[in-house]
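S.K.: Shown below is the structure under consideration.
The values are calculated or read from the model by the stated rules, or taken from the named source; none is laboratory data. Bear in mind that the values here come from a model prediction, so they are computed numbers and not experimental data. Here the Cβ positions follow ideal geometry from the backbone for every residue, glycine too, while neighbour counts run over all protein chains shown. Please note that ligands, DNA and RNA were not included when accessible areas were found on the heavy atoms of the full protein model with its side chains. Shrake-Rupley method; radii C 1.70, N 1.55, O 1.52, S 1.80 Å.
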Amino acid sequence: MASWKQMCAALSVGVSLVAIAGCGENESASSEGEKPSEEEGPFTFTIMANLHTAEVPEKEVQHLLEEATNTELDIQWVPDSNYEERLNTAFATGTLPQAVYMKNQTTYDQFKDAIRDGQFWEIGPYLEEFENLKKLKPEVVENTMVDGKVYALYQGRPLARSGIIYRKDWADNLGLEAPTTIEEFAEMARAFTEDDPDGNGRDDTIGLTDRNDLIYGAFKTVASWHGTPNGWGEKDGELLPEFMFDEYIDTLDFFKELHENGYMNKDFPVTSKPDQQALLKNGTAGIYVGSMGDVLTLYSEASQINPDLEFDVHNYVEGPDGEYNIWAIPGYGNLVIFPKSAVQTEEELKSILSFYDQLMEPENANLIFWGIEDEHYTVEDGKAVAIEDTQRTEREVKPYQSIEIGEAETNGRYLGQSHYPVKLKADELEIDNESYLVHDPTTTLHSPTAQTHGERLQQIINDATYQYILGQTDLAGFEQAVETWRSQGGDDMISEYNESYNQQ
């Protein structure tokens, strides 16, 4: 994604966007954190949100939410696959809506220059006026800050969901326990490849299934086990990128050996997430490293192919130093920010914040996350149980989850109840992970070079990482890529992050 200055300088040819009309000053807007009264009529505003389903949702949930909050919502749903492109275009053409979702941390980072330039509202001074917004976790709010100021409302995420999903029936067949060390993990990958874990007498299985993602695939989690920093780490009093640490090289060697021996899918650098998951679901692979919560969906689909299959989840894998480490996200997935080009006045901003404050009321949080009680879910032992008709909930409810603010702890919505015990175990292990977190120290730091060239520079390292694992380059070649990274702007990033770090 380009920086905001680059976005303004040029627009991609052929990208069309329906202009979104921004509301002017709303005379009936509330102030001091109060929602508009019924007599004043509903407050109307525009939202741009990413759509994770194939079709835009039906409107029943939205209508109930509008009724509960005395608003009229004009939601522009944009498919997640081309969200950044539409976002860039709307920004460059001055047609952003009044509430803009950022999709993820990477997208938000690219907008920080525009935030510093005063193009978005600072909302920190207003949060104390709102009973629910001020409940947002201070440590997560702090991770969203730009130069110590709050501009965004966050959508909470568990700090570390990563772990192992594996074929427990295969492990039982071979007498294997869940791996608790890197060596045991490698042995499981070997055995699942070479020792006929499915007992069919054919050489048709592999250990690990991975994909073309060095963060949310297996690489970053396994790097954590080796003791690699999360993005950046401190060495001799200086912040340096993770790939300048010995532990990163150890991780490269580990994956190179798995790959050479055929213990993982050979074409993982060009394997998509659906194709990666398909290898687990269809019985080709026995180990998946990623979000442990995915086990529910994976099992529901895999068990249709093989009803006798068993999955289990595990998190604790010790590295060479005898400790378990797991990389952490900043505690948020999506964020919403408010452009001054569309939100004209403080009164208008407060009315929008009032909507989000009401969105954190438990009944509204449940509505957008679970749907309508007794239609889309039931409550069992104080937890929500979704109906079995997943196609219906995907059509009518799931899209609205992407506008949630906070998390169950702060907005009071129900946690989910699952009749699949392995999913409940995954939820417990996510909480357990919080005792072993490794944070990225640059989350709130400022590097102009990272803003404008970070993506291009990271690609140099990504390419060299894949080439090393595939045997297309050696250590000298990888170190040369690091030197290229340094000479093309990496040294500036190191200097800028350290200057920002020392200032904070």
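S.K.: With the requirement that a residue be without any contact (Cβ under 8 Å) to a residue 40 or more places away in the chain and touching a helix residue (DSSP H, G or I) at 6+ places or on another chain (Cβ under 7 Å), what does region 487-504 give you?
M.R.: Residue satisfying the conditions is GLN488 alone.
S.K.: Shifting gears a bit: Looking at region 395-422, which of its residues are open to solvent by 50 Å² or more (accessible area, probe 1.4 Å) and not hydrophobic (A, V, I, L, M, F, W, C)?
M.R.: ARG395, LYS398, GLN401, GLU409, TYR414, HIS419, PRO421
S.K.: Quickly run through region 256-295 and pick out the residues that are touching a helix residue (DSSP H, G or I) at 6+ places or on another chain (Cβ under 8 Å) and open to solvent by 70 Å² or more (accessible area, probe 1.4 Å).
M.R.: Selection gives GLU257, ASN261, LYS266, ASN282.
S.K.: Okay, moving on. Answer with yes or no whether ASN212 is in contact (Cβ under 8 Å) with a residue 60 or more places away in the chain, within 24 Å of the chain's Cα centre (by Cα), surrounded by fewer than 18 Cβ atoms within 10 Å (Cβ to Cβ) and under 29 Å from ASP492 (Cβ atoms).
M.R.: Considered against the rule, which asks whether it is in contact (Cβ under 8 Å) with a residue 60 or more places away in the chain, within 24 Å of the chain's Cα centre (by Cα), surrounded by fewer than 18 Cβ atoms within 10 Å (Cβ to Cβ) and under 29 Å from ASP492 (Cβ atoms), ASN212 comes out as yes.
S.K.: Output the qualifying pairs, or none if there are none: Cβ atoms under 6 angstrom, residues six or more apart or on different chains, first residue in region 456-482 and over 23 Å from MET493 (Cβ atoms), second residue open to solvent by 20 Å² or more (accessible area, probe 1.4 Å) and in a helix (DSSP H, G or I).
M.R.: ILE469/LYS256
S.K.: For the list (1) modelled with pLDDT under 95; (2) on the phi < 0 side of the Ramachandran plot; (3) open to solvent by less than 50 Å² (accessible area, probe 1.4 Å); (4) not in a strand (DSSP E or B), I need the number of the one condition that GLY33 fails.
M.R.: Of everything listed in (1) modelled with pLDDT under 95; (2) on the phi < 0 side of the Ramachandran plot; (3) open to solvent by less than 50 Å² (accessible area, probe 1.4 Å); (4) not in a strand (DSSP E or B), GLY33 misses just condition (2).
Let's see how each residue does on (1) open to solvent by 30 Å² or more (accessible area, probe 1.4 Å); (2) farther than 30 Å from ILE165 by Cβ; (3) at pLDDT below 95:
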position: ALA426; (1), (2), (3): no, no, no
position: TYR436; (1), (2), (3): yes, no, no
position: THR452; (1), (2), (3): yes, yes, yes
position: LEU457; (1), (2), (3): no, yes, no
position: ILE461; (1), (2), (3): no, no, no
position: ALA464; (1), (2), (3): no, no, no
position: VAL482; (1), (2), (3): no, yes, no
position: GLU496; (1), (2), (3): yes, yes, no
position: GLN504; (1), (2), (3): yes, yes, yes
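S.K.: Across region 52-93, what is the number of residues that are crowded, with 18+ Cβ neighbours inside 10 Å and among the charged types (D, E, K, R)?
M.R.: Here the count works out to 2.
S.K.: Given the criteria modelled with pLDDT of 95 or more, hydroxyl-bearing (Ser, Thr, Tyr) and open to solvent by 20 Å² or more (accessible area, probe 1.4 Å), does THR378 qualify?
M.R.: Spelling it out, THR378 is indeed modelled with pLDDT of 95 or more, hydroxyl-bearing (Ser, Thr, Tyr) and open to solvent by 20 Å² or more (accessible area, probe 1.4 Å).
S.K.: Let me ask you something else. Is there a residue in region 41-51 that is open to solvent by 20 Å² or more (accessible area, probe 1.4 Å) and closer than 23 Å to GLU122 by Cα?
M.R.: yes
S.K.: I've got another one for you. Check region 360-367 and report whether any residue there is more than 21 Å from the chain's Cα centre (by Cα), assigned to a strand (DSSP E or B) and either at pLDDT 95 or above or polar (S, T, N, Q) (or both).
M.R.: no
S.K.: Just checking, how many residues over region 347-375 are open to solvent by 20 Å² or more (accessible area, probe 1.4 Å) and small (Gly, Ala, Ser)?
M.R.: 0
S.K.: Just for region 136-151: of the residues that are under 22 Å from the mean Cα position of the chain (by Cα) and not aliphatic (A, V, I, L, M), which one is nearest to PRO441 (Cα to Cα)?
M.R.: Among those that are under 22 Å from the mean Cα position of the chain (by Cα) and not aliphatic (A, V, I, L, M), it is ASN143.
S.K.: Of all residues in region 155-170, which are open to solvent by 30 Å² or more (accessible area, probe 1.4 Å) and not in a loop (DSSP other than H, G, I, E, B)?
M.R.: LYS168
S.K.: Of all the residues that make up region 429-447, how many are among the hydrophobic types (A, V, I, L, M, F, W, C) and not in a helix (DSSP H, G or I)?
M.R.: Looking only at that region, the number is 3.
S.K.: Sticking with this structure for a sec: Of the residues ALA464, ALA450, ALA426, ALA476, which single one is more than 19 Å from the chain's Cα centre (by Cα), assigned to a helix (DSSP H, G or I) and within 30 Å of LEU153 (Cβ to Cβ)?
M.R.: ALA450
S.K.: So, in region 381-394, of the ones that are part of a helix (DSSP H, G or I) and not β-branched (Val, Ile, Thr), which residue ends up least open to solvent (accessible area, probe 1.4 Å)?
M.R.: The selected residue is ARG392.
S.K.: Shifting gears a bit: If you check GLU131, GLU142, GLU184, which single one turns out to be open to solvent by 20 Å² or more (accessible area, probe 1.4 Å) and either under 21 Å from VAL422 (Cβ atoms) or part of a strand (DSSP E or B) (or both)?
M.R.: It is GLU184.
S.K.: Among the residues of region 395-407, count how many are touching a strand residue (DSSP E or B) at 6+ places or on another chain (Cβ under 8 Å) and part of a helix (DSSP H, G or I).
M.R.: Matching residues across region 395-407 total 3.
S.K.: Out of region 368-380, which residues are under 19 Å from GLU58 (Cβ atoms) and either in a helix (DSSP H, G or I) or not hydroxyl-bearing (Ser, Thr, Tyr) (or both)?
M.R.: ILE368, PHE369, TRP370, GLY371, ILE372, GLU373, ASP374, GLU375, HIS376
S.K.: Among the listed residues VAL313, VAL343, VAL295, VAL336, which satisfies the condition of being more than 24 Å from GLU407 (Cβ to Cβ) and among the β-branched types (Val, Ile, Thr)?
M.R.: VAL343
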